[in-house]
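Each remark here refers to the structure printed beneath this line.
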Amino acid sequence: MESKQGFLHRADSNPATSAEKIGRSPLASAPVGIPKYRQVYEDLHAAIETGVFRPGDRLPSEAELGERYGTSRITVAKAVNELQLQGLVSRRAGSGTHVLSPVTSSGHVFGLLIPDLGRTEIFEPICHGMMQSPLSKPHSLLWGHSMGEASQQEKEAEQLCHQYIAQKVSGIFFAPLEFTPAKDAVNNRIVAALDRAGIPIVLLDRCYAPYSMRSKYDLVGIDNRRAGFLITQHLLRHGSKRIAFVARPLAAVTVTARIAGYREALFSHGINLREDLVRRGDPDNPQFLKQLLTECRPDGIVCANDFTAARVMAGLTAIGIRVPEAMRVVGIDDVKYAALLPVPLTTQHQNCADIGAMAIATMLQRLQKPGLPTRDILLQTYTVIRKSCGAHLSAQHKLS
C-alpha cells in the first residue's frame with residue numbers, strides 16, 4: 001500500500017532498506033512553478049512525518065534520490081539541507097543522512113515582537129509556520145498583546161520588549177518597525193535592551209540596519225534583491241520597455257533590496273539607468289499616481305509589495321487606465337488576496353510558513369551554539385503569473 005507521495009509503508013516483519021522504501025516518482029506532474037528542490041523536500045518531509053523513515057533510519061544517498069526524482073544531486077542536496085535546518089535529519093561525512101529522534105528536552109519560551117502583526121499579511125502565516133514546525137512542539141511562543149493604532153506602534157513595541165525581558169524569555173523573534181517616523185531609533189533601542197538582558201534575537205523578514213549594511217543578528221526571510229530582479233525580468237520578457245517602481249515612504253530595507261534587484265534587471269536588459277523611474281509615495285493619493293504617469297510615462301509598474309500593487313491598480317482603474325491592456329502591474333509577496341483582486345495580480349511568491357519554520361530552527365541553533373557567525377537564511381521565491389502582467393496578451397499577439 002502506498003502512502004503520501006509514493007513512499008511505501010515499512011513492514012515491521014520485513015524491514016525495508018532505504019532504497020526499497022521509495023519507488024520512481026519523477027517530478028514532471030508536480031504543480032507548475034514549485035521549485036524541484038521544494039518538491040523533493042515536501043516528499044521526504046512527509047515520509048519522515050508519517051513514519052516511513054523512522055528515527056535512526058538512513059535516507060537514500062543523494063545519487064539515489066536524484067535518480068528517483070529525475071533531478072540533479074545539487075537539487076537533492078538543497079532539499080536535504082532544509083530537512084537538516086528543520087532538525088529532522090543529521091548529515092555526517094562518510095555515514096550519510098539519518099533521521100533524528102523528536103526533541104524531548106524541556107522547552108523554551110520565546111517571544112514574538114512583530115509590530116505589524118495583523119496589518120502586514122505575511123506575518124500571520126509566518127507565525128503559523130513556526131507553530132507547525134516539528135521543532136516547536138516542546139516550546140512555547142508568546143504573542144504579547146495586540147498592537148493598537150499605527151501611531152502607538154513605537155511605544156507599544158518598546159513596552160512589549162520590556163515585558164519579555166521581565167518574563168526572562170529564551171529568545172525573541174523580531175520584525176523591526178517600518179512606516180513610523182522614529183522607527184530607526186526605536187528599533188535600535190529594542191535590540192540594545194535585549195542585548196543587555198542577554199536574550200538572543202532572530203530577525204524576521206528584514207533587518208533594521210540601512211541597506212546593504214547588516215546587524216549582528218541572524219535573519220530569516222527571502223532574497224529580496226533576487227525577487228525584485230525576477231519580477232522585473234518577467235515584465236521585460238513580455239515586452240515592457242519603461243518600467244517604474246513604486247513604494248511607500250519609510251518602508252523597510254527589504255524594499256530597498258527589491259529596488260536594487262529591479263535596477264539590476266533593467267541593466268541586464270540594456271535599459272538606460274540614468275533615468276530614474278523609482279517613485280516613493282502614497283498609492284492612494286491620486287495626485288501621486290498622476291505625477292507618476294506624467295513624469296515616468298511607464299508601460300509597466302513593479303510595486304514594492306502586493307498591498308501597493310492593489311492600491312495602484314485601484315487608482316489606475318479610477319482614472320480610466322485599464323490593467324493590463326494599458327498598464328502592466330506586478331507585485332511581490334503573493335498574499336492571500338492577490339488572486340482575488342478584480343484583475344488577479346502577478347507576483348513573486350514567498351513561502352511564509354517556511355520562513356517561520358526556518359526561524360525556529362535558527363533560534364534553536366543559536367541557543368545551542370552562541371558562537372555561530374551571523375547568518376542570512378534567505379529563501380527563494382518564484383513568479384506566479386496572473387492577468388495583471390499581460391502575459392496572456394503577449395501570447396495572443398505572438399499567435400496573431
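The values are calculated or read from the model by the stated rules, or taken from the named source; none is laboratory data. A quick note: this is a predicted structure, and the numbers were derived from the prediction, not measured. When we count neighbours, we look across all protein chains shown, and the Cβ atoms used for this are built from the backbone with ideal geometry, even at glycine. To get the accessible areas, we keep the full protein, side chains included, count just its heavy atoms, and leave off ligands, DNA and RNA. Shrake-Rupley method; radii C 1.70, N 1.55, O 1.52, S 1.80 Å.
Table: residues versus (1) open to solvent by 70 Å² or more (accessible area, probe 1.4 Å); (2) charged (D, E, K, R); (3) at pLDDT 90 or above.
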{"position": "LYS21", "(1), (2), (3)": "no, yes, no"}
{"position": "GLN39", "(1), (2), (3)": "no, no, no"}
{"position": "GLY51", "(1), (2), (3)": "no, no, no"}
{"position": "ARG58", "(1), (2), (3)": "yes, yes, yes"}
{"position": "SER72", "(1), (2), (3)": "no, no, yes"}
{"position": "LEU83", "(1), (2), (3)": "no, no, no"}
{"position": "SER90", "(1), (2), (3)": "no, no, no"}
{"position": "GLU124", "(1), (2), (3)": "yes, yes, yes"}
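Take the range 127-141 and flag every residue that is more than 14 Å from ILE355 (Cβ to Cβ), touching a strand residue (DSSP E or B) at 6+ places or on another chain (Cβ under 8 Å) and either open to solvent by 50 Å² or more (accessible area, probe 1.4 Å) or at pLDDT below 90 (or both). If the condition is that a residue be more than 14 Å from ILE355 (Cβ to Cβ), touching a strand residue (DSSP E or B) at 6+ places or on another chain (Cβ under 8 Å) and either open to solvent by 50 Å² or more (accessible area, probe 1.4 Å) or at pLDDT below 90 (or both), then SER140 is the only one that fits. Tally time: how many residues in the range 346-378 are closer than 30 Å to MET327 by Cβ, in contact with a strand residue (DSSP E or B) (Cβ under 6 Å, 6 or more places away or on another chain) and open to solvent by less than 30 Å² (accessible area, probe 1.4 Å)? So the count comes out to 4. Applying the condition of being more than 26 Å from ILE377 (Cβ to Cβ) and not hydrophobic (A, V, I, L, M, F, W, C) to the range 169-190 and asking which residue is surrounded by the fewest Cβ atoms within 10 Å (Cβ to Cβ) yields PRO181. When the residues of the range 154-189 are filtered to those that are β-branched (Val, Ile, Thr) and under 24 Å from the mean Cα position of the chain (by Cα), the one that is farthest from LYS216 (Cα to Cα) is THR180. Restricting attention to the range 92-107 and to residues that are in contact with a Lys or Arg (Cβ under 8 Å, 6 or more places away or on another chain) and aliphatic (A, V, I, L, M), the residue that is surrounded by the fewest Cβ atoms within 10 Å (Cβ to Cβ) turns out to be VAL103.
Is it the case that ALA193 is more than 26 Å from ALA304 (Cα to Cα), in contact with a helix residue (DSSP H, G or I) (Cβ under 6 Å, 6 or more places away or on another chain), surrounded by fewer than 18 Cβ atoms within 10 Å (Cβ to Cβ) and not acidic (Asp, Glu)? The answer is yes for ALA193.
Checking each residue in the range 242-259 for being surrounded by fewer than 17 Cβ atoms within 10 Å (Cβ to Cβ) and out of contact with any strand residue (DSSP E or B) (no Cβ under 8 Å at 6 or more places or on another chain) picks out only LEU250. Do you know which of the residues in the range 277-307 that are within 17 Å of LEU235 (Cβ to Cβ) and open to solvent by 20 Å² or more (accessible area, probe 1.4 Å) is nearest to the chain's Cα centre (by Cα)? The selected residue is ASN305.
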